[in-house]
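The values are calculated or read from the model by the stated rules, or taken from the named source; none is laboratory data. Being a predicted model, the structure only gives us computed values, none of them experimental. Don't worry about glycine lacking a Cβ; one is built from the backbone with ideal geometry, like all the others, and counts go over all protein chains shown. Note: areas computed on protein heavy atoms with side chains; ligands, DNA, RNA excluded. Shrake-Rupley method; radii C 1.70, N 1.55, O 1.52, S 1.80 Å.
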Amino acid sequence: MLSIKGLEVKLEDEDKQILKGVDLEVPAGKVHAIMGPNGSGKSTLSYVLSGRDGYEVTAGSATLDGEDLLDLDPEERAAAGLFLAFQYPVEIPGVGNMTFLRTAVNAQRKARGEDEMSAADFLKFIRAKAKDLKIDADMLKRPVNVGFSGGEKKRNEILQMAMLEPKMCILDETDSGLDVDAMKLVSEGVNALRAEGRSFLVITHYQRLLDHIKPDVVHIMARGRIVKTGGPELALEVENNGYADILAELDA
Amino acid sequence: MAGLDDLNVKEGVEEETVEAVKTLAGAYKYGWETEIEMEYAPKGVNPDIVRLISEKNEEPEWMTEWRLSAFERWEKLDEPSWALLNYPEIDFQDQYYYARPKSMEKKPESLDDVDPKLLETYKKLGIPLKEQMILAGVEGAEDMPAEGRKVAVDAVFDSVSVGTTFQAELKKAGVIFCSISEAIREHPELVKKYLGSVVPVSDNYYATLNSAVFSDGSFVYIPPNTRCPMELSTYFRINAENTGQFERTLIIADKGSYVSYLEGCTAPQRDTAQLHAAVVEIIIEEDAEVKYSTVQNWYPGDEEGKGGIYNFVTKRADCRGDRSKVMWTQVETGSAVTWKYPSCILRGAESQGEFYSIAITNNHQQADTGTKMVHLGRDTKSRIVSKGISAGKAQNTYRGLVSMHPKAKNSRNYTQCDSLLIGDKCGAHTVPYIEVKNNSSRVEHEATTSKVDEEQMFYCRQRGMDEEEAVALIVNGFAKEVLQALPMEFAMEAQQLVAISLEGSVG
Ligand SMILES: Nc1ncnc2c1ncn2[C@@H]1O[C@H](COP(=O)(O)OP(=O)(O)OP(=O)(O)O)[C@@H](O)[C@H]1O
Ligand SMILES: [Mg+2]
């Protein structure tokens, strides 16, 4: 599914290297988690994969089902099935959540050569998904993320993910700012989407989320690289011991 | 109403939109008349009438002379015919140029002295002339403080200002807010300095006529570094038959000041068309900012196109100082004919002009409206968002000029115009004029990104929208926000505009 090889990335405007050779394979149907100290490059990786401006890829590659991602515009990557749940979801004043999603859904359909979803079908679809995530009708009408609480923003990201039905879902700290109940809702939302042909890359700082969304593989990212890979037990180890040992190994 | 009930709605137009347009363009709510004794100047216009108006307003000699020279000019001018408007010839001699309630012959000392009939009129229009908080219990008004807001009102009835609220409180802040006739008497130095300095007497046919015969209107002066402590507004009501209303508004925002100003307009329902020709001049000095909003709801005429107001308006803001800013917002739902292009002269370096317009036309209404952004200074920015919505047999034209002068280095304009046709007998037209006389400036139409927030763009594109779709969505959202920020007590209708989506729109 997602295959990243020797990815090196610097800032466009500055001579600052952020990713220093990332190697990562996420097979179809699998859930991988990435943990790592603040500033290690996790969000940067998610941005580079989804095509945000401001970064320059100096070496390496990233493909989704064999298709070179790095050559595509962000919307083409989205249509190819890549979804990013933002660490900091963006507010768009004056644009209703529903209008936003409908525009997005239909844009992707159009890009894939499919028919637009009718207004009635869309409404049915979004109501069902919103109900699962306990998102009320009012929140669907309100402008995208404007005045949403931190937890509401994150739930809204998962709603979008559910509506867009991507192949490759990247979740950047979707658990931060969630209360216990919201964490459960979000996890259930993610678990409900788990499927053969769909993979997840879950960026998180905490074991808690991984209690709900059981990862197949856990990676540790530090200083712009994946420095350690293991099973779910690796997350527990980090939870208990922090990154000190891992970082010490790197320095050695 | 009949015009819309049997409407043949085009496919792709959202139901919510049709509903909103139906409500907005539906039966005219302000068509009633106030029974009140009036005093008129003789019909027609000539130097004697001009002198009479000047005399009624107790004007000094220089003002009378100013008017007379305008009249002399006007007589030599021809009515313009370039707009996409079609209306029977106006007989300028067959109407009254001055109409005043008899009870206003002696100027009321205070609001308590105003003829109860006039007070009742404004109350019925939803604009109580009382110094009270306006309650914010309006949907979508979350941003307003719960205890309400203060809005000062200047109420103009036919040819005269009936009264202005909160004058004393404003005076404490150094703000002058009064009728223009009072300003001519009380603040001649300011009027002399600024009147005609933005819209010269010679500007255009209707502005020249207005300069000769304007009877009243509002005057605003905000002193340096002052944020006007409340919203200011003028409510124009035409009541008398066969009478033209020619109002004049002059707003001066001195250095570092800020004011938000709103005007509303309504008129009774009559079979004969009536003329309204206003001039608005705004002067904005260094670091000052003016927001000017209009909710125009003149009587639009009936379903057959009989009657209604012919609305010929010249509005212009001169951003004289560096970093000065002006924002025009207009919601145009009324008038049989609208001819109006609120403009921005971006003279100061880094000055900014914005224009947001929604024009809804129905039945036989015609609107030819738009804006002019004249970039003279360096690093000036302008943004135009215009939406025309037509139903019935209406015609809606956007006419815009963006001009970048040689010294307007590194200047930017962004323009977005949409039209929505509801039904198949109406028309929409877009007439953009663009002149760029230096090579460091950019004029952008629709599908560009530069002034839209990068984070928002990326968010939309990550969800699958292409750049063009993303910009349109974000800018539309912005325009809705602007509309939502309008003081709603003037026009609850504007609320409903927020429900309008332009899906299924053309051009
Ligand atoms: N646009 C930018 N300008 C300057 N520095 C940047 C920029 N983008 C990323 N960086 C730097 O790159 C490094 C990696 O940032 P990134 O946001 O990817 O970290 P992260 O692993 O997601 O951290 P966190 O766990 O705190 O979310 C940081 O040192 C950050 O300051
Ligand atoms: Mg991060």
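Assuming R0 = 35 Å, can you tell me the calculated FRET efficiency for the pair A:VAL57 and A:LEU236, based on Cβ-Cβ distance, to the nearest 0.05? That gives a FRET efficiency of 0.55.
Kirkwood radius, the range B:158-286, all distinct C-alpha pairs, inverse of mean reciprocal distance: 15.3 Å. Spin-label model, A:ASP211 to A:GLU14: label points 7 Å out along the Cα-to-beta-carbon direction sit 3.7 nm apart. D by Stokes-Einstein for the protein assembly as shown, Kirkwood Rh over Cα pairs, 10 °C, 1.306 mPa s: 55 µm²/s.
Starting from the Cα gyration tensor of the range B:352-418, take the square roots of the eigenvalues, sort them a ≥ b ≥ c, and report rounded, prolate or oblate (rounded when a/c is under 1.5, otherwise prolate if a/b is larger than b/c, else oblate).
prolate
Taking a ≥ b ≥ c as the square roots of the eigenvalues of the Cα gyration tensor, the range A:46-114 is oblate, since a/c reaches 1.5 or more and a/b is not larger than b/c.
Near B:LEU68, within a Cβ-to-Cβ distance under 13 Å, what is the net charge of the other residues, with Lys and Arg +1 and Asp and Glu -1?
Details: positive: B:ARG51, B:ARG67, B:ARG73; negative: B:ASP48, B:GLU55, B:GLU59, B:GLU61, B:GLU65, B:GLU72, B:GLU75.
So the surrounding residues net to -4.
Between rounded, prolate and oblate, where does the range A:97-252 land on the alpha carbon gyration tensor, with a ≥ b ≥ c its root eigenvalues, rounded for a/c under 1.5, else prolate if a/b exceeds b/c? Note, shape of the range A:97-252 comes out prolate.
Among the residues of A:97-109, the average count of other protein chain beta-carbon atoms within 10 Å of the residue beta-carbon is 4.
May I ask you to order A:182-192, A:167-177 by the average number of other C-beta atoms within 10 Å around their residues, highest value first?
Numbers: A:182-192: 18.5, A:167-177: 22.5.
The packing order, highest mean first, is A:167-177, A:182-192.
Could you please put B:TYR310, B:TYR459 in sequence from largest to smallest accessible area, using a 1.4 Å probe? Please list the in-between numbers first.
Values: B:TYR310 30, B:TYR459 0 Å².
Order by accessible area, largest first: B:TYR310, B:TYR459.
In the calculated pair-distance distribution of the range B:302-380, the portion above 15 angstrom amounts to 58 percent of the Cα-Cα pairs. Between amide H atoms placed 1.01 Å from N, distances below 5 Å from B:ILE434 occur with B:VAL402, all of them 5 or more places distant or on a separate chain. Distance from a point 7 Å along Cα→Cβ of A:GLU114 to each backbone N in the range A:158-189: keep the residues under 19 Å and list them by number. What the label zone holds, given the 19 Å backbone N cut-off, is A:158-170.
Write down the percent of antiparallel bridges among all DSSP beta bridges whose residues are both part of chain A, to the nearest 5. Don't skip to the end; give the middle numbers.
Working: 25 of 42 bridges.
DSSP beta bridges in chain A are roughly 60 percent antiparallel.
Rolled with a 1.4 Å probe across the full set of protein chains, the surface gives B:ILE434 an accessible area near 80 Å².
Report the local net charge at A:VAL218: Lys and Arg +1, Asp and Glu -1, summed over other residues whose C-beta lies under 12 Å from its C-beta. All intermediate terms of the calculation are to be shown ahead of the outcome.
Values: positive: A:LYS30, A:LYS214, A:LYS228; negative: A:ASP216, A:GLU233, A:GLU237, A:GLU239.
Neighbour charge sum, excluding A:VAL218 itself: -1.
For a modelled paramagnetic label at A:ARG194, 7 Å from Cα along Cα-to-Cβ, no residue of the range A:78-101 is in reach, as no backbone nitrogen comes under 12 Å.
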